1. Answer yes if at least one residue in segment 62-78 is under 17 Å from the mean Cα position of the chain (by Cα), among the acidic types (Asp, Glu), assigned to a strand (DSSP E or B) and surrounded by 12 or more Cβ atoms within 10 Å (Cβ to Cβ), and no otherwise.
2. Within segment 43-61, track down each residue that is loosely packed, with under 12 Cβ neighbours inside 10 Å and polar (S, T, N, Q).
3. Taking segment 44-58, which residues are touching a Lys or Arg at 6+ places or on another chain (Cβ under 8 Å) and hydrophobic (A, V, I, L, M, F, W, C)?
4. Could you list, in sequence order, the residues of segment 38-61 that are in a helix (DSSP H, G or I) and either of a type outside the set (A, V, I, L, M, F, W, C) or free of Cβ contacts under 8 Å to residues at least 24 places away in the same chain (or both)?
5. Restricting attention to segment 17-42, report how many residues are surrounded by 12 or more Cβ atoms within 10 Å (Cβ to Cβ), closer than 22 Å to Arg53 by Cα and modelled with pLDDT under 80.
6. State the number of residues belonging to segment 73-88 that are in contact with a helix residue (DSSP H, G or I) (Cβ under 8 Å, 6 or more places away or on another chain) and either β-branched (Val, Ile, Thr) or modelled with pLDDT of 90 or more (or both).
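The values are calculated or read from the model by the stated rules, or taken from the named source; none is laboratory data. Computed from a predicted model, the values in this text were never measured in an experiment. Counting neighbours? That spans all protein chains shown, and the Cβs are built from the backbone with ideal geometry, glycine included.
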Amino acid sequence: MNRATRALPNASQAGVEVTVSGSPDTLVNARVANLTGLVLANHVTNAIEASPRGATVNVAARREGGSVQFLVRDSGPGIAPEVHSELFRPVRS
């Protein structure tokens, strides 16, 4: 989760604490780690930005069968229900 920790300076500026947990069995190969790290860093940054000052963002990794599951939890307001259907729609520029 090293790449995800790049978001930590943002947390300090925002007054948000980030906790990270996992175990050695959640290690993945370098190629997967690079791509996963980029996605995870984006999620952690979003969680920090959505959280109020003084909040905690929890980041965890756990083995789930043959996969590793990452969880990012924050106490932000969440995504408005009216945009849920648009979340995974490709954006074209």
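1. Scanning segment 62-78 turns up no residue that is under 17 Å from the mean Cα position of the chain (by Cα), among the acidic types (Asp, Glu), assigned to a strand (DSSP E or B) and surrounded by 12 or more Cβ atoms within 10 Å (Cβ to Cβ).
2. First, pick out the residues of segment 43-61 that are loosely packed, with under 12 Cβ neighbours inside 10 Å: 53-54.
The answer is none; no residue qualifies.
3. Applying the first criterion (touching a Lys or Arg at 6+ places or on another chain (Cβ under 8 Å)) to segment 44-58 yields 47, 57-58.
Scanning segment 44-58 gives Ala47, Val57.
4. Just the residues of segment 38-61 that are in a helix (DSSP H, G or I), to begin with: 38-50.
Result: Val39, Asn42, His43, Thr45, Asn46, Glu49.
5. The qualifying residues number 2.
6. Residues in segment 73-88 being in contact with a helix residue (DSSP H, G or I) (Cβ under 8 Å, 6 or more places away or on another chain) and either β-branched (Val, Ile, Thr) or modelled with pLDDT of 90 or more (or both): 2 in total.
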